[in-house]
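Enquirer: Would you mind keeping the following structure in view while I ask a few things?
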Amino acid sequence: MSNTVEDQSLQPVAAALPLLSAATKLGKVGLVVSNLQRSLEFYADIIGLQVLAQSERSAQLGITAENRILLELEQREGVRKLIGKRLGLYHFALLLPSRADLSSFAEHLQTAGVRAGMSDHLVSEAFYLEDPDGLQIEVYADRDPKEWLWDGDEIAVATQPLDLRKLLSHRHQPWAGAPLGSTIGHIHLYIGDIPRADQLYHHGLGMNVRSRSFPGALFLAAGKYHHHVGLNTWAGSVPVASETDARLSIWELQVPLTDLITLSDRMLSNGWQPLESTTFVDPWGIALRLVAVQ
């Protein structure tokens, strides 16, 4: 995909319009995979999502009791496991409701013999896993927002070792799959240029900048959350994910209905390209669908 904003000025357009409402949340994430059944086994058995609907080449997963879709998988011909990095998905993140739930998940990983990365981010504790196609998922729980450290509008975040023993000692129930209230908490993307991403996601999408403390990265959120979107250039000069790569197909942002028209206009003015009525794409092939909620 051509870099459609490459020759445009980086001066934001319509930046004075209101930022995203604090009611904004992430919706479902779509992935293109090479083998549907293999991916279903991973996301059901290891991550703990339930299959809500399934056809020969696609499936929807989420929380059955809430009838809420969190993940859509689609198997396409010619798609292969991701080897190396591509611009697009760095990881998407499943947010568990409590630290007790994360403790239960940690015990589940140990019992299943699954190796995972782990980090303490000050605002949250997290595990990082790779699915059968090499796509990354974070499973995390937030610390109490009262413990988050703010410096004006920016928040203190870090990547520190996770105290696994302390986490496992937290009182918890045996893991029984992703619990009620689990959501897609954030998405983190490999992009090609931070100033351009700032124009698109901050000025265009209208998210607050929450941290610039990591070199080559930008973290943004609606409201007072630590981040709904992470953006980084850590992949270097790799290409955009291609039609033959396992990849992110789309992610959704749920916005108040009253904000939808204004937001769409502002995104177009700041370099997003339209795919259809409420779906847009950035210069790195990352598709975002706006979903209106009452």
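Enquirer: Around G177, with a cut-off of 13 angstrom between Cβ atoms, what is the net charge of the other residues, counting Lys and Arg +1 and Asp and Glu -1?
Expert: Here the charged neighbours net out to -3.
Enquirer: Sticking to Cα atoms, compute the Rg of the range 208-294 to one decimal and its Dmax as the biggest Cα-Cα distance, whole number, in Å.
Expert: Every Cα atom of the range 208-294 included, Rg and Dmax give 14.3, 41 Å.
Enquirer: Going by C-beta contacts inside 10 Å, put I83, I155 in order with the fewest on the left.
Expert: Least crowded to most crowded, the residues run I83, I155.
Enquirer: Next question, about the same structure. Hey, can you rank 235-244, 142-151 by average C-beta count inside 10 Å, highest first?
Expert: 235-244, 142-151
Enquirer: Pull out a ≥ b ≥ c, the square roots of the eigenvalues of the alpha-carbon gyration tensor of the range 31-110, then state rounded if a/c is under 1.5, prolate if not and a/b is larger than b/c, and oblate in the remaining case.
Expert: Oblate.
Enquirer: If you line up the Cα atoms of the range 108-152 on their principal axes, what length do they span on each, largest first, in Å?
Expert: Principal extents (largest minus smallest coordinate, Cα): 41, 22, 11 Å.
Enquirer: Which one, F280, S98, N35, projects farthest toward the positive side of the charge dipole computed for the chain from Cβ point charges (K/R +1, D/E -1)?
Expert: Highest projection toward the positive end goes to S98.
Enquirer: Let's see if you can work this out: charge +1 on each Lys and Arg Cβ, -1 on each Asp and Glu Cβ, no other charges. What is the dipole magnitude of the chain about its Cα centre, in debye to the nearest 20?
Expert: So the dipole magnitude of the chain works out to roughly 320 debye.
Enquirer: Just from the alpha-carbon atoms, what are the Rg and Dmax of the range 25-293 in angstroms?
Expert: When restricted to the Cα atoms of the range 25-293, Rg and Dmax are 17.9, 51 Å.
Enquirer: Let me have the 222 nm mean residue ellipticity of the chain computed from DSSP H runs of 4+ only, each contributing -39500 (n - 2.57), with the sum over all residues rounded to the nearest 500. Spell out each step's value before the answer.
Expert: Details: 5 runs with 40 residues, N = 294.
Rounded to the nearest 500, the figure is -3500 deg cm²/dmol.
Enquirer: Could you pull out every one of the lysines with an alpha carbon less than 16 Å from that of K25, ignoring same-chain neighbours closer than 8 positions?
Expert: K224
Enquirer: Test of understanding: ordering E66, E56 by Cβ neighbours within 10 Å, fewest first, what list do you get?
Expert: Working: E66 14, E56 7.
Fewest-to-most Cβ neighbours within 10 Å comes out as E56, E66.
Enquirer: Tell me which residues come under 5 Å, amide H to amide H, from E125 once H is placed; ignore anything under 5 positions away on its chain.
Expert: Result for E125 returns A141, R143.
Enquirer: Starting at the first residue of the range 76-91, write each ³J(HN,Hα) from the Karplus equation 6.51 cos²θ - 1.76 cosθ + 1.60 with θ = phi - 60°, in whole Hz, x for Gly and Pro.
Expert: 10, 5, x, 7, 10, 4, 6, 10, x, 9, 9, 5, x, 6, 8, 6
Enquirer: Can you tell me the dipole magnitude for the range 67-190 around its Cα centre, using point charges on the Cβ only (Lys, Arg +1; Asp, Glu -1), in Debye to the nearest 20?
Expert: Dipole magnitude for the range 67-190 comes out near 380 debye.
Enquirer: Between the alpha-carbon centers of the range 33-109 and the range 257-294, tell me the distance in whole angstrom.
Expert: 25 Å
Enquirer: Sticking with this one: Stretch A158-N67 to full length: gain in nm at 0.36 nm per residue minus the Cα-Cα span?
Expert: Between A158 and N67, full extension yields 29.3 nm more.
Enquirer: Would you grab the residues whose amide H sits under 5 Å from the one on A22? Only those 5+ places off in sequence or on another chain, please, with H modelled 1.01 Å from N.
Expert: G223
Enquirer: At a temperature of 37 °C and a viscosity of 0.692 mPa s, determine how fast the range 104-222 diffuses translationally according to Stokes-Einstein, using the Kirkwood radius over alpha-carbon pairs as Rh; express D in µm²/s, rounded to the nearest whole number. Spell out each step's value before the answer.
Expert: Values: Rh = 16.3 Å.
The estimated diffusion coefficient comes to 201 µm²/s.
Rule-based calculations on the coordinates, nothing more; no lab input. Values in this document were obtained by computation on a predicted structure and should not be read as measured data. In this analysis, Cβ positions are derived from the backbone assuming ideal geometry, glycine residues included, and neighbour counts consider all displayed protein chains.
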